[in-house]
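Visitor: What follows is a structure written as structure tokens; I'll ask about it next.
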Amino acid sequence: MSEELDVLEPQEPDTPKETVPESKKPKKKKMKTWKKVLLITLIVILSLTIIAAVGIFLWVNHLLNQINYDTTPDYTLSSEEVEQLEQENPDYVPVGDDEDLDSMPSIEELEQEIQKDPGISAEPMPEGSVTGDIINILLIGQDRRGEKRARSDSMILLTVNKDKNTITFTSFMRDAYVQIPGYKAHKLCHAFQYGGFSLLNETLWVNYGVRVDGNLEVDFNRFMDLIDLLGGVDIELTQKEVATMKGMGAGGDLKAGMNHLNGKQALAYSRIRYIDSDYARAERQRTVLMSLLNEYKSKELLEMIGLLEDILPLVTTNMEKSDIWNLSYEVFPMVAGATINTQQIPAHGTFKGGNVRVREGLKGWFQYNIDFQKNREILQNIFAGN
């Protein structure tokens with residue numbers, strides 16, 4: 001019987017591992033102190049910039065949330081509702097016994113005459129935009145006294161020309177006899193009452209070739225609040241204007257010459273027209289607007305920012321919040337250095353103004369026989385910055 005012997009493989013003798021001297025080991029690169037300081041400084045600055053940007057975004061967003069946004073489709077009045085308003089129209093007054101009826105055109109004659117103007121009503125109104133080189137924002141003062149929507153007593157187009165660095169305020173006369181799409185021709189101010197922002201914008205396009213990019217509206221009560229928030233406006237008054245304002249219950253201690261008007265007085269001044277004309281009233285409205293702008297620009301930055309908290313809730317718009325963002329970014333930096341111009345449509349010498357027979361025994365004041373083509377040319381020159 002044989003025994004199995006384990007065969008052992010020969011083992012190599014242990015050899016000591018080769019050691020590398022410390023002096024020959026690769027050294028880790030150490031960042032210099034000044035580089036560390038610079039990197040930390042850059043990180044801090046970047047962090048503060050991000051925090052500041054987020055803070056500004058949140059603050060501006062908070063301000064924009066104060067505006068009243070009305071982007072729902074405008075409701076339109078029925079023919080029956082329009083007829084009822086026409087019967088109750090406070091602008092119509094009895095014809096005097098000593099007046100020559102034959103010298104007054106009838107409303108039917110004006111209707112026939114205005115239909116002869118080919119205009120541009122066949123073309124669709126272009127879609128508005130607040131990011132182009134030309135931006136048109138329509139400012140509306142609404143004659144609301146308890147009802148949901150009233151006539152637009154004041155219509156001023158704010159035209160911003162970024163290329164020419166100009167801002168133009170164009171007043172549209174409320175009593176201008178115009179075509180109102182879907183309704184009988186009437187005064188321009190009725191378009192807003194019939195169909196809100198959209199119908200008024202379309203009416204301006206059909207008659208004057210104006211593309212409106214957005215609307216801002218303030219009613220009379222809010223207008224007075226806005227004036228008072230800014231501390232009033234400086235307006236030079238004539239003796240006739242003072243007497244009329246006192247008759248409207250807004251006189252106070254006013255006198256002929258320069259006066260500082262509060263909200264109630266500024267509104268009364270803006271509505272004066274019977275001592276002269278609607279033409280003069282539109283000029284008064286632009287005067288108040290310019291005085292408002294100058295009053296706001298004269299405030300310190302922090303005071304201006306604080307006033308926005310109170311002013312913006314007085315405004316209603318049909319623009320989206322993103323549009324207001326873009327508008328703020330594009331327009332506000334221009335305000336201080338832009339050239340400011342004013343205009344009125346229909347322009348002087350392009351229309352007739354006077355009483356019109358509207359119904360048996362009743363008359364109303366209109367601007368009629370308007371040279372729409374001439375006024376379109378004037379407006380196109382404004383949009384071109386000429």
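The values are calculated or read from the model by the stated rules, or taken from the named source; none is laboratory data. Predicted, not measured: the structure shown is a model, and the values here were computed from it. Don't worry about glycine lacking a Cβ; one is built from the backbone with ideal geometry, like all the others, and counts go over all protein chains shown. For the accessible areas, the whole protein counts, side chains as well, though only heavy atoms, and no ligand, DNA or RNA atoms are used. Shrake-Rupley method; radii C 1.70, N 1.55, O 1.52, S 1.80 Å.
Visitor: Provide a single number: the residues in the range 62-112 that are over 30 Å from Leu314 (Cβ atoms) and part of a loop (DSSP other than H, G, I, E, B).
Guide: 10
Visitor: Given the condition outside any loop (DSSP other than H, G, I, E, B), open to solvent by less than 80 Å² (accessible area, probe 1.4 Å) and under 20 Å from Leu216 (Cα atoms), answer yes or no: does some residue in the range 358-374 qualify? Spell out how you get there, then give the answer.
Guide: Within the range 358-374, the first condition is being outside any loop (DSSP other than H, G, I, E, B), and the residues that meet it are 358-359, 362-368, 372-374.
Checking which are open to solvent by less than 80 Å² (accessible area, probe 1.4 Å) leaves us with 358-359, 362-364, 366-368, 372.
Narrowing the set further to residues that are under 20 Å from Leu216 (Cα atoms) leaves none.
No, the range 358-374 has no match at all.
Visitor: Taking into account only those residues within the range 248-261 that are farther than 19 Å from Asp153 by Cβ and out of contact with any strand residue (DSSP E or B) (no Cβ under 7 Å at 6 or more places or on another chain), which is modelled with the lowest pLDDT?
Guide: Going through the range 248-261, the residues farther than 19 Å from Asp153 by Cβ turn out to be 251-260.
Remaining after also requiring out of contact with any strand residue (DSSP E or B) (no Cβ under 7 Å at 6 or more places or on another chain): 251-253, 255.
On the way: Gly251: 75, Gly252: 80, Asp253: 87, Lys255: 92.
The residue in question is Gly251.
Visitor: Could you tell me which numbered condition Asn326 fails, if it satisfies all but one of (1) under 17 Å from the mean Cα position of the chain (by Cα); (2) within 30 Å of Met104 (Cβ to Cβ)?
Guide: (2)
Visitor: Right, another one. For the range 169-209, how many residues are β-branched (Val, Ile, Thr) and either touching a Pro at 6+ places or on another chain (Cβ under 6 Å) or farther than 19 Å from Tyr75 by Cα (or both)?
Guide: Number satisfying all stated conditions: 3.
Visitor: A follow-up question, please. Look at the range 269-291 and say how many of its residues are within 22 Å of the chain's Cα centre (by Cα), hydrophobic (A, V, I, L, M, F, W, C) and either within 15 Å of Phe223 (Cβ to Cβ) or open to solvent by 30 Å² or more (accessible area, probe 1.4 Å) (or both).
Guide: Here the count works out to 3.
Visitor: Now for a separate question. Please give the number of the condition Val212 fails out of (1) part of a loop (DSSP other than H, G, I, E, B); (2) more than 21 Å from Tyr75 (Cβ to Cβ); (3) open to solvent by less than 60 Å² (accessible area, probe 1.4 Å).
Guide: (2)
Visitor: What residue, among those in the range 113-139 that are part of a loop (DSSP other than H, G, I, E, B) and of a type in the set (A, V, I, L, M, F, W, C), is nearest to Asn355 (Cα to Cα)? Walk me through it before giving the result.
Guide: Quick first cut of the range 113-139, residues part of a loop (DSSP other than H, G, I, E, B) only: 115-133.
Narrowing the set further to residues that are of a type in the set (A, V, I, L, M, F, W, C) leaves 120, 122, 125, 130.
On the way: Ile120: 28, Ala122: 31, Met125: 32, Val130: 40 Å.
Taking the candidates together, the pick is Ile120.
Visitor: Considering the range 292-332 alone, what residues qualify as being open to solvent by less than 30 Å² (accessible area, probe 1.4 Å) and closer than 12 Å to Gly214 by Cα?
Guide: Once the filter is applied, which keeps residues that are open to solvent by less than 30 Å² (accessible area, probe 1.4 Å) and closer than 12 Å to Gly214 by Cα, the range 292-332 yields Thr316, Thr317, Met319, Ile324, Leu327.
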